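What follows is a short report on a single structure.
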Amino acid sequence: MSMGRFWEARGDVGRICNHTRSLARKLLFTDDDLARANDADRATIAMLLRYERAFFVLLVQDLRSFHNLDIVPEAFLLASEKQRLLPVRRRSLMILGWMAVQVRQLVRAGKITERHEVMLMTHLDEMSTGYHGCTKIKSQPMPFSYAQLAAMLTLIFCVTVPVTFMGSFGWFLVVPTFVMGMVYFGINTVANQLADPFGTEASDIDLDGFATQIQEDLDGYVRNWSSSGAGQSSDGPHQRTAHQL
């Protein structure tokens, strides 16, 4: 059961990372008009990318029950945006709402088609699904009575079974008793750790590592987009390269 919870959580985190990257790629590289974006449109795109970064940072805070907007970099959230988020409980979902508004503005400006909008909204929906999957595991821990029963039965088993070893091992029964206790209590300890996979221990999901990967990937997309013709004429070779991507 603990391994099932761990891999379900890992799958939800992976889904969020995958759709975060896909949203950025489709936003930057699949529409010709975005390569001719004016300053206002570029500001909208930059805001969307900021919100993508902020979404994962706030998700990590939710999963670790640590809510502090002060440590979120200004490059992700402006001071005015932090003030708007202060009374919000599920801040990551609010960020997704803000992103949906910005996507709609690009549609109204004629920079992306409604079909393109549907693709971007699909990624936002998948990010929301991943968020709810992670918070479900966080908010519904393993039942205490179940964990207590497993620990009690493990203790009774490891204390009583060595009696049957006396005829075979004599005074050396301490060896199989030690090995058996190490195995069973070790399994129980590992299960308790895997049941809550969002901490900071080595056995937990490396949320900080995933956050770093997302920041690096989005930075790489932005650099490539900027050097591939953003703001250039639609007839330029760099713009066509971006469209092919």
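The values are calculated or read from the model by the stated rules, or taken from the named source; none is laboratory data. What you see is a predicted model, and the numbers here were worked out from it, not measured in a lab. Glycine gets a Cβ as well: all are built from the backbone with ideal geometry, and neighbour counts include every protein chain shown. Note: areas computed on protein heavy atoms with side chains; ligands, DNA, RNA excluded. Shrake-Rupley method; radii C 1.70, N 1.55, O 1.52, S 1.80 Å.
Key figures for this structure:
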read-out: Test for residue 58: is it modelled with pLDDT of 90 or more, in contact with a Leu (Cβ under 9 Å, 6 or more places away or on another chain), buried (at least 21 other Cβ atoms within 10 Å of the Cβ) and outside any loop (DSSP other than H, G, I, E, B); value: yes
read-out: Options 15, 36, 84; residue that is open to solvent by 50 Å² or more (accessible area, probe 1.4 Å), at pLDDT 90 or above and touching a Gly at 6+ places or on another chain (Cβ under 9 Å); value: 15
read-out: Condition check for residue 200: part of a loop (DSSP other than H, G, I, E, B), at pLDDT 85 or above and out of contact with any strand residue (DSSP E or B) (no Cβ under 6 Å at 6 or more places or on another chain); value: yes
read-out: Qualifying residue in region 19-32 (condition: at pLDDT 90 or above and under 30 Å from residue 142 (Cβ atoms)); value: yes
read-out: Pairs with Cβ under 7 Å, 6+ apart, first in region 183-208 and among the aromatic types (Phe, Trp, Tyr), second not in a helix (DSSP H, G or I); value: 198/64; 198/204; 198/205
read-out: Residue within region 146-159 that is in a helix (DSSP H, G or I), of a type outside the set (A, V, I, L, M) and touching a Cys at 6+ places or on another chain (Cβ under 9 Å) present; value: no
read-out: Among (1) open to solvent by 30 Å² or more (accessible area, probe 1.4 Å); (2) under 21 Å from the mean Cα position of the chain (by Cα), the one test that residue 49 misses; value: (1)
read-out: Selection status of residue 114, over 26 Å from residue 7 (Cα atoms) and surrounded by 12 or more Cβ atoms within 10 Å (Cβ to Cβ); value: no
read-out: Some residue of region 134-154 being modelled with pLDDT under 90, touching a Phe, Trp or Tyr at 6+ places or on another chain (Cβ under 8 Å) and farther than 20 Å from residue 214 by Cβ; value: yes
read-out: For residue 184: the one exception among (1) crowded, with 16+ Cβ neighbours inside 10 Å; (2) assigned to a helix (DSSP H, G or I); (3) under 27 Å from the mean Cα position of the chain (by Cα); value: (3)
read-out: Check on residue 69, under 17 Å from residue 98 (Cβ atoms), without any contact (Cβ under 8 Å) to a residue 40 or more places away in the chain and under 13 Å from the mean Cα position of the chain (by Cα); value: no
read-out: Out of 64, 89, 25, 104, sole residue that is more than 29 Å from residue 205 (Cβ to Cβ) and either among the aromatic types (Phe, Trp, Tyr) or open to solvent by 60 Å² or more (accessible area, probe 1.4 Å) (or both); value: 104
read-out: Test: residue in region 127-149 that is over 24 Å from residue 196 (Cβ atoms), without any contact (Cβ under 8 Å) to a residue 40 or more places away in the chain and not aliphatic (A, V, I, L, M); value: no
read-out: Top-ranked residue in region 203-222 [being in a loop (DSSP other than H, G, I, E, B) and not aliphatic (A, V, I, L, M); ranked as surrounded by the most Cβ atoms within 10 Å (Cβ to Cβ)]; value: 204
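Okay, residues lined up against (1) in a loop (DSSP other than H, G, I, E, B); (2) acidic (Asp, Glu); (3) farther than 30 Å from residue 30 by Cβ:
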| position | (1), (2), (3) |
| --- | --- |
| 65 | yes, no, yes |
| 70 | no, yes, yes |
| 82 | no, no, yes |
| 94 | no, no, no |
| 97 | no, no, no |
| 103 | no, no, no |
| 111 | yes, no, no |
